[in-house]
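What follows is a single structure, written as structure tokens, with notes after it.
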Amino acid sequence: MAADWLVGGGELGALIRAKDWAATPLGPIDAWPQSLRSCVSHLLPSRAQIVLFWGPDFVTVYNDAYRPVFGGKHPRVLGLPGRESWSELWDMLQPLLAGVVNTGDAFWATDLLFIIERHGYTEETYFDVSYDPVRDETGQVGGVFCIVSETTGRVIGERRLAALRDLGRVANGAAGAGDIFRNTAAMLRIAATTFRSPLSIAGTRRRPPRGSKPSRELPLATTVRRCASTRRIATSRGHWAATRRSCWPSRRRMCSCRAGRGRNR
């Protein structure tokens, strides 16, 4: 019986014991091969984030530490084929797993980008990953044992710190306010190129509501650059400050400087 070898494991251990595995591609739990049992026995008590993809369908089995990776998909994805548990990134993940199975070689990477949907919206996430082959009783690779560690907070935090550090240097060597504004615009252009969100590259930005007018706001770098000649810089949306006098938005235009004319009417 399953209870003879499947003990402990916290919430996932209880879920695995209670699940009707006969309704999944893995079949009844008491008929699982020893290689699969050993993998599950190793991953359940581990504090590392581990997911096992087993068989031709890459059926998903994971431990408590891996729950935050699935987020709102837990516990529905337990026992599902990989193409269903990670449907949004299967085009990327399937070749990685298939490569481990076909070659028998492990795969690893640091700060690997995954665009996932675990809380009902698309996220840009990063992980250190190690995908190791697991051989079954026939000597063939029967599954992939995946140990991951999410690094999203560190990667995005370093990106923000780099942008702030560069922004703090815009006054270096500047002869006046105009140079500062031009340096700021140049830094923002570089940051927009270097740190462009993969979500915008993937075309996942939401469309405006039907019937709404498209925004005619100038990009920040463009507005800073165009306002440099008049020594004005935006301090908040719709509010412009000048070195000598304030320029408040009227009903028909945001700014009386040349940057605002024509484009923000």
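The values are calculated or read from the model by the stated rules, or taken from the named source; none is laboratory data. Fair warning: this is a prediction, and the values are worked out from it, not measured in the lab. Reconstructed Cβ throughout: ideal geometry from the backbone, glycine too, with neighbour counts over all protein chains shown.
Taking region 10-35 only, how many residues are farther than 21 Å from F58 by Cα and not hydrophobic (A, V, I, L, M, F, W, C)? Residues flagged as farther than 21 Å from F58 by Cα and not hydrophobic (A, V, I, L, M, F, W, C) within region 10-35 amount to 2.
Candidates in region 130-188 are the residues that are assigned to a helix (DSSP H, G or I) and among the charged types (D, E, K, R); of these, the one that is modelled with the highest pLDDT is R154.
Listed here are the residues, each with its yes/no results for (1) in contact with a Gly (Cβ under 9 Å, 6 or more places away or on another chain); (2) among the hydrophobic types (A, V, I, L, M, F, W, C); (3) in a helix (DSSP H, G or I).
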position	(1), (2), (3)
S35	yes, no, yes
S41	yes, no, yes
R47	no, no, no
I50	no, yes, no
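Picking from residues in region 77-128 that are more than 14 Å from the chain's Cα centre (by Cα) and among the acidic types (D, E), the one that is farthest from W21 (Cα to Cα) is D105. Applying the criterion of being acidic (D, E) and surrounded by fewer than 13 Cβ atoms within 10 Å (Cβ to Cβ) to the residues of region 53-109, the residue that is farthest from G153 (Cα to Cα) is D105.
Among the residues of region 163-180, just one is free of Cβ contacts under 8 Å to residues at least 12 places away in the same chain and within 22 Å of the chain's Cα centre (by Cα), namely L164. The residues of region 110-153 that are β-branched (V, I, T) and surrounded by 15 or more Cβ atoms within 10 Å (Cβ to Cβ), listed by number, are I115, I116, T122, T125, V129, V134, V141, V144, I147, V148, T151, T152.
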